[in-house]
1. Working from Cα positions, state the angle (0 to 90°, nearest 10) between the long axis of helix 230-244 and the longest principal axis of the chain.
2. Order L43, L185 by their accessible area, 1.4 angstrom probe, all chains in place, largest first.
3. Among N154, N112, N93, which one shows the biggest mean-square fluctuation in a GNM of the chain, springs joining Cα atoms closer than 10 Å?
4. Quick check: net charge around S177, other residues with Cβ under 9 Å of its Cβ, Lys/Arg +1 and Asp/Glu -1?
5. Among D158, D133, D56, whose mean-square fluctuation peaks in a Gaussian network model of the chain (Cα, cutoff 10 Å)?
6. Assuming a ≥ b ≥ c are the square roots of the Cα gyration tensor eigenvalues, decide whether region 1-97 counts as rounded (a/c under 1.5), prolate (otherwise, with a/b larger than b/c) or oblate.
7. For V49, tell me the accessible area in Å² from a 1.4 Å probe, rounded to the nearest 10.
8. For I61, what is the net charge nearby, where nearby means another residue's Cβ is under 11 Å from its Cβ and Lys, Arg count +1, Asp, Glu -1?
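The values are calculated or read from the model by the stated rules, or taken from the named source; none is laboratory data. Predicted model only: the values in this text are computed from it and were never measured. Cβ sites come from the backbone with ideal geometry, for glycine too, and all protein chains shown count toward neighbours. Quick note on the areas: whole protein, heavy atoms, side chains included, nothing else; ligands and nucleic acids left out. Shrake-Rupley method; radii C 1.70, N 1.55, O 1.52, S 1.80 Å.
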Amino acid sequence: MIKEITSLKNPIVKYALSLKNNDEMKKERKFLIEGFHLLEMALDYVEIVFTLNKLDLPESITQYIVTEQILDKISSAKSFQKVVAICKFLESNEEELASNYIYLDGVQDPGNVGTILRTALAFNFKNIVLSNDSAFLYNQKVIQSSQGSIFKENIIFDKINMLEILKERGYEIIGTSLTERSINLANFKKIPAKCVLIFGNEGKGMKKEVENMCTTLLKIPMNEIDSLNVGVASGIVMYSFKEKI
């Protein structure tokens, strides 16, 4: 269905603007995406599209042809986006996909979360668990920095202590930490068939109770600096695991 909107006061435009608010997003279970790349990645979740010109999209998606003023108002990006879409929330699946897990323990910077999600997809870690104190998945910075990877991953919000469940299922719980008992990543030769990689908070690292659940702790060898950005560190660890499997 294709319709035209020319007024900023249109109820559909107001509804889209309301989805910039986290509480409204959670209530409606809808969120916004911007740009053609994200639209292509998200097609299975898209319900409404705002665009300047008609697009070749499935008939199930409602298209609104709007003005540049309306698109600019709805968009959160600094550079003008020629398409904005309303998507439904993703559905989690507690039964794992054919891959290992990434667990984010209090990773609060949206850019870091999005970067880790993007990297995880690249290295075939398709099950992602977000702790309750990690950045909100539908934050625009998370979505943009993930480059649409969220639509190709199984993302689980940890409300039922997934680490305990995964440990019972035979997964090795592997944390990243700079403690004395941490193993140098270069010396960690045997990658378990089933594992969970944990990346902790930017400033505090993993919570103590999470660290205590780990069967192994890893650290990245570094020169003249004592820490790395969690997005960078996660990429190094995931790549190392991919190379050794």
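1. 70 degrees
2. Numbers: L43 65, L185 10 Å².
Highest to lowest solvent-accessible surface, that is L43, L185.
3. For the chain, modelled as a Gaussian network with Cα springs under 10 Å, the answer is N93.
4. Details: positive: R181, K219; negative: E211.
Result for the neighbourhood of S177: +1.
5. Its mean-square fluctuation being the largest, the pick is D56.
6. Values: a/c = 1.79, a/b = 1.40, b/c = 1.27.
Prolate.
7. 0 Å²
8. On the way: positive: none; negative: D44, E47, D56, E59.
For residues surrounding I61, the net value is -4.
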